[in-house]
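Structure, as structure tokens:
The values are calculated or read from the model by the stated rules, or taken from the named source; none is laboratory data. Computed from a prediction, not measured in an experiment: that's the story for all the values here. We place every Cβ from the backbone using ideal geometry, glycine too, and count neighbours over all the protein chains shown.
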Amino acid sequence: MLLIAIPVAANFHIPLYAAFGGAMLLIAVLTARVAGRDTAGRLMAGVMAAICILGTAGFYMARDQLQVSPDATADGAPTS
């Protein structure tokens, strides 16, 4: 999910916790929808929901320490 959330957060100038939470919420809902009445599917949907909640909370708590910018390279140097 980070491979989706980081570019979305950088390009649309939204917080990383919002991009991660939105992507994980979508995956958790789709997993629950596909799971139906299957026990293993419900377990997987529960795990996805837990990752969504815990990951979003973790990124929210670390939001002041995270710098996501579309203008920086891997080593942190500006590209211009």
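Answer yes or no: is there a residue in the stretch 29-46 that is in a helix (DSSP H, G or I), crowded, with 17+ Cβ neighbours inside 10 Å and modelled with pLDDT of 90 or more. No, the stretch 29-46 contains no residue that is in a helix (DSSP H, G or I), crowded, with 17+ Cβ neighbours inside 10 Å and modelled with pLDDT of 90 or more. Considering the conditions (1) out of contact with any Pro (no Cβ under 9 Å at 6 or more places or on another chain); (2) surrounded by fewer than 14 Cβ atoms within 10 Å (Cβ to Cβ), residue 11 is excluded by exactly one of them, (1).
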